[in-house]
Amino acid sequence: MSTLSLPRPNQGIWPGLFTTPRSPLRARIAESLFRNAVRTLPVTVRLPGGRTWGAGGPVMRLVRPAAFFHRLGADAKIGFGEAYMVGDWESDELADVLSAFAARLTTLIPPGLQRLRRWVDRPQTEVNDVAGSRQNIHRHYDLSNELFATFLDETMTYSSALFENRDVDLRTAQLRKIDGVLDHAGVRSGSRVLEIGTGWGALAIRAAQRGATVTSLTISAEQRTLALDRVRDAGLHDRVTVELRDYREEHGQYDAVVSVEMIEAVGAEYWPAYFSMLDRVLAPGGRVGLQAITMPHDRMIASKASYTWIHKYIFPGGLIPSVRSIEESVRDHTRLRIVETRSFGHDYAETLKRWRHTFLTRWDEVEQLGFDDTFRRMWEFYLAYSEAGFRVGYLGVQQFAMAERLGH
């Protein structure tokens, strides 16, 4: 088992994290680039002693500047987040600070230096074959069902909600999102439904309540256990089957296939297999409802092989697709066509904001589960970092409805 798979205190799960990298030259370069980048950025970078950099705005406090720049110089894509994890910098307005950086992400580094990225970027090495996918999913989704229950709503839905307005509670907005996916897939009474990525069972339960029969696939043992309990509690065990099975191993036939924010864990190398599977298991006249986090195509291409803080600590092996890559995969590897789309990235920002607030408010409960303060800062950074991406449009979320192409 990976030492990073179950982040609990006193088990050596942060190897090397508290040892500051030492490269004086790279630290000086990192400080120079950082100062130049924040000069016109709408943030206030406050140093010990009261000096400030930046154009003014939410405050980022450099607690240990020397350590911060050493981490940034060692690996900017990992060091910035690690510096927050260990307290080299802090902020009471974390999502606002990160939004300022995210809005200028493509221009923070001068174009000339960006061309050198391939020489300094650490390559992505985590694979998403059947065995690799199980390990990658285990490291995030098998952390603890109780952990996720502390900050998710009562449906235990871990994907973007769809708000009618900001006064709506999270449960209502999550069910609205689920209904949108089910509607895209044409799920109704009597439908045979395949769900790829069970989560904790909310979508399967909702589909079964419509009168559908559901086969749901997961490769997370922890999620399957709780999903089965929730299905039984809902009195739907005769309509919902939850299988511990990889999507590549599925060979049934279904009237509807649904998948919510699972494609991000597939990896570009396996997109052909994923979309071919959608096509293979869909019965004539069937439909697909897919929800995906997306990013601009050029940014996806640029970041495709990079190893980032998110890979190291949150989603190993992940790759967020672009809308274009999804469209091309559907065109090239299926007999399907995209017939309807819905975009709601700002709703994901709101969802993440609510998760983060609840996570921090209920931290005492999380701590009692055995998670340490480094984990708290790591997840606070992850949730705020993600919120910032959706706030500024660097990330988006889309629902796609797919049906057979005409003539097939």
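Numbers at a glance
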quantity	calculated
Residues located in the range 178-233, provided they are modelled with pLDDT under 95 and acidic (Asp, Glu)	222
The listed residue being among the charged types (D, E, K, R) and touching a helix residue (DSSP H, G or I) at 6+ places or on another chain (Cβ under 7 Å), out of 377, 331, 405	377
Residue match in the range 66-86 (condition: touching a strand residue (DSSP E or B) at 6+ places or on another chain (Cβ under 8 Å) and in a loop (DSSP other than H, G, I, E, B))	no
Qualifying positions in the range 177-192 - part of a helix (DSSP H, G or I) and over 11 Å from residue 203 (Cα atoms)	183, 184
Single residue of the range 298-317 satisfying the filter (surrounded by fewer than 17 Cβ atoms within 10 Å (Cβ to Cβ) and of a type in the set (A, V, I, L, M, F, W, C)) that is nearest to residue 374 (Cα to Cα)	305
Index of the failed condition, residue 171 passing every other in (1) in a helix (DSSP H, G or I); (2) buried (at least 18 other Cβ atoms within 10 Å of the Cβ); (3) without any contact (Cβ under 8 Å) to a residue 40 or more places away in the chain	(2)
Which numbered condition residue 166 misses (of (1) surrounded by 17 or more Cβ atoms within 10 Å (Cβ to Cβ); (2) modelled with pLDDT under 95)	(1)
Residue in the range 90-108 that is at pLDDT 95 or above, surrounded by 16 or more Cβ atoms within 10 Å (Cβ to Cβ) and in contact with a strand residue (DSSP E or B) (Cβ under 6 Å, 6 or more places away or on another chain) present	yes
Count of residues meeting criterion [more than 28 Å from the chain's Cα centre (by Cα) and more than 13 Å from residue 68 (Cβ to Cβ)] in the range 34-43	3
Qualifying positions in the range 149-163 - surrounded by fewer than 21 Cβ atoms within 10 Å (Cβ to Cβ) and either assigned to a helix (DSSP H, G or I) or modelled with pLDDT under 90 (or both)	149, 150
Residue in the range 267-283 that is in a loop (DSSP other than H, G, I, E, B) and modelled with pLDDT under 95 present	yes
Per-region count, the range 44-75, residues in contact with a Gly (Cβ under 7 Å, 6 or more places away or on another chain) and closer than 28 Å to residue 19 by Cβ	4
Tally, over the range 341-364, of residues that are of a type in the set (Asp, Glu) and touching a Lys or Arg at 6+ places or on another chain (Cβ under 7 Å)	1
Pick from the range 286-332, criterion assigned to a strand (DSSP E or B) and hydroxyl-bearing (Ser, Thr, Tyr), ranking: nearest to residue 77 (Cα to Cα)	306
Subset of the range 337-392 (residues that are over 20 Å from residue 315 (Cα atoms) and either of a type in the set (Phe, Trp, Tyr) or outside the structural domain of residue 170 (by TED's automatic domain parsing) (or both))	344, 363
Hits in the range 318-357 (condition: β-branched (Val, Ile, Thr) and surrounded by 16 or more Cβ atoms within 10 Å (Cβ to Cβ))	320, 323, 326, 330, 334, 338, 351
Some residue of the range 391-404 being under 28 Å from residue 84 (Cβ atoms) and assigned to a helix (DSSP H, G or I)	yes
From 143, 226, 203, residue being touching a strand residue (DSSP E or B) at 6+ places or on another chain (Cβ under 9 Å), surrounded by 19 or more Cβ atoms within 10 Å (Cβ to Cβ) and in the same structural domain as residue 280 (by TED's automatic domain parsing)	203
Residue list for the range 201-221, filter: assigned to a strand (DSSP E or B) and either in contact with an Asp or Glu (Cβ under 6 Å, 6 or more places away or on another chain) or among the hydrophobic types (A, V, I, L, M, F, W, C) (or both)	214, 216, 217
Set 347, 364, 332: member being within 22 Å of the chain's Cα centre (by Cα) and of a type in the set (Asp, Glu)	347
Qualifying residues in the range 206-223 (those that are touching a Leu at 6+ places or on another chain (Cβ under 9 Å) and among the β-branched types (Val, Ile, Thr)) - the one surrounded by the fewest Cβ atoms within 10 Å (Cβ to Cβ)	215
Lone unmet requirement of (1) under 19 Å from residue 103 (Cα atoms); (2) at pLDDT 95 or above for residue 301	(2)
Single match in 194, 236 (criterion: free of Cβ contacts under 8 Å to residues at least 60 places away in the same chain and under 22 Å from residue 180 (Cβ atoms))	236
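The values are calculated or read from the model by the stated rules, or taken from the named source; none is laboratory data. Remember, it's a predicted structure, so these values are computed and weren't measured experimentally. Don't worry about glycine lacking a Cβ; one is built from the backbone with ideal geometry, like all the others, and counts go over all protein chains shown.
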